[in-house]
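Reading through the structure tokens given below for one structure.
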């Protein structure tokens, strides 16, 4: 009986320890508890927990068009603006833990820039690895020096070209160029000169997304409703045959226009001239001035008459 009680106590203690122990940042439970986290809130939490609050001035945002890598840390401007961009197309296909580890990876780059002015975006030297190991040990994450996600990147590369020259038999690309956008290989590519010298072949497009380029302006014109064009070009109805004129509204508009015309000279005296509120305020001051002037004139006239 005592042994059973002891085993029950051990199981209860183990269960209590598991419930009170903080979840790892990549624990599978987060996939259910918070499957689509707020990246800015998560960034602020990681900044306080792993980066001593030194990344408060760093920007983090989603990039809807970045398809070559999961994340990038860039440094722009004279003031050293540091920005982290996360690939929405790639990371939306991956588990939550990949988003967390990609964010932590880029935050290490940001930390090295902020503290050491290290602008090497692709550098994963001793300092990077030191922080990577520290955070992995403290958080239970598995941050690595790579986060390319090749399968997802290839999925977005739907525009393919292939060379008809000797390079089609060479590793590793066998003459293929695959891109996410419809930009054929040309002299703008840094490797173009070397390709012309060693191969000299011509690239021909062999694949593109289904129905790509088939919907043009002609189709859009066909979809338009002729009645829309007629209504767009039609003249507006005459006001004489419509609703009667709202006299109070017209008078109100006339009043405000008159007030505005009287107060145009105040623009040169006020840098905070923004709209009707200031117009009415200055008109009020003008009216007070006119009243005082009229009272003074009346008082002067009464004195002269007496």
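Below are the figures for this structure:
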item	result
Burial ordering of 177, 290, 100, fewest other beta-carbon atoms within 10 Å first	290, 177, 100
Whole-number percent relative contact order across segment 157-207, with pairs defined as alpha carbons under 8 Å at least 6 apart	51
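Coordinate-derived values only; no laboratory data. Note that the structure is predicted; figures quoted are calculated from it, not measured. No Cβ is skipped: glycine too gets one built from the backbone with ideal geometry, and neighbour counts run over all protein chains shown.
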